[in-house]
1. In region 3-27, which residues are over 24 Å from the mean Cα position of the chain (by Cα), surrounded by 13 or more Cβ atoms within 10 Å (Cβ to Cβ) and among the charged types (D, E, K, R)?
2. Out of the residues in region 118-136 that are within 12 Å of the chain's Cα centre (by Cα) and buried (at least 17 other Cβ atoms within 10 Å of the Cβ), which is modelled with the lowest pLDDT?
3. Here is a check on your reading of the model: is Phe185 closer than 21 Å to Phe59 by Cβ, surrounded by fewer than 19 Cβ atoms within 10 Å (Cβ to Cβ) and among the aromatic types (Phe, Trp, Tyr)?
4. For region 113-141, which positions are free of Cβ contacts under 8 Å to residues at least 60 places away in the same chain and assigned to a helix (DSSP H, G or I)?
5. Got a sec? Which of Gly156, Gly139, Gly172 is at pLDDT below 75 and surrounded by fewer than 18 Cβ atoms within 10 Å (Cβ to Cβ)?
6. Taking interchain pairs and intrachain pairs at least six residues apart, which have beta carbon atoms under 7 angstrom, with the first residue in region 64-86 and closer than 21 Å to Pro184 by Cα and the second surrounded by 16 or more Cβ atoms within 10 Å (Cβ to Cβ) and at pLDDT below 80?
7. What single numbered condition from (1) modelled with pLDDT of 80 or more; (2) surrounded by fewer than 20 Cβ atoms within 10 Å (Cβ to Cβ); (3) basic (Lys, Arg) fails to hold for Arg151?
8. For region 1-49, which residues satisfy the criterion of being small (Gly, Ala, Ser), assigned to a helix (DSSP H, G or I) and over 30 Å from Phe185 (Cα atoms)?
Amino acid sequence: MHTLELTAAVLRDPDAVAQSDDPRALARLAPPLLGMSLGGAMVLGLAAGATHGPLQSAFAAVKTPVLFLLPPLLVLPLVHGFATACGVAVSWTRLGIATLAGLARSGLLAGAVAPLLWLPFSLDTDYHLAVLLFVAAFGFSMLPGLATIARAVPSGGTMRFPAVIGTMLVLGVVTAQAGWVLRPFVARPQAELTFLRAMEADVFSSLGATTRSATGDYREDWAPASSGLMRRE
């Protein structure tokens, strides 16, 4: 399949691309699908770093493809285990192609949404609002890809629905926490540029605090804690 035809197929019907158990198809499709995913993720990273200049854009452009690829690859054995435990037979080849097709679709969507993200970021957007915009753009890009991976689990078995829901939940949580580990993508205006930030709390507690800050509420009675978003006594 020509690259342009494959791109159209990934956008129009990624499930059709993913429905294959042929190892030769996996070897043939892997390079162009990876290229779509990595290219789109890099463009999104460049836009995310625009709040803090070219160096931060370069940092984010390196880390965003890692954020796209690493969680699905780490979780793939667990996805296979979920399906097997729920009585659904799914081959490693099919899961591999579905993962690549889902990531390719996410990459194409990320590349499409990146210009919309870059415009407000280049206009000195509030830091907390910029973080939420990046999370929204990343989620918009990744959710269709994660859904493609989950739908690769074939029909049949005794508990297909729990297998699909479990797959989506695990992929979503691992992706979110991986983004937290790889931060910053959007740098604080007055902060020193750094490739990675020291570990603290978790992504869910931090997003709760950031959401409040984005609304102008800077009180310190809520703050990220290692056990989640908890009120300080």
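The values are calculated or read from the model by the stated rules, or taken from the named source; none is laboratory data. Given the structure is predicted, the values throughout are model-derived calculations rather than measurements. Cβ atoms come from the backbone with ideal geometry, glycine included; neighbour counts cover every protein chain shown.
1. Within region 3-27, Asp21, Asp22 qualify.
2. Val135
3. Answer is no for this residue.
4. Leu116, Leu119, Pro120, Leu133, Ala136, Gly139, Phe140, listed by residue number.
5. Gly156
6. Here the result reads Pro72/Ile149, each pair linking region 64-86 to a residue that is surrounded by 16 or more Cβ atoms within 10 Å (Cβ to Cβ) and at pLDDT below 80.
7. (1)
8. Scanning region 1-49 gives Ala9, Ala16, Ala18, Ala25, Ala27.
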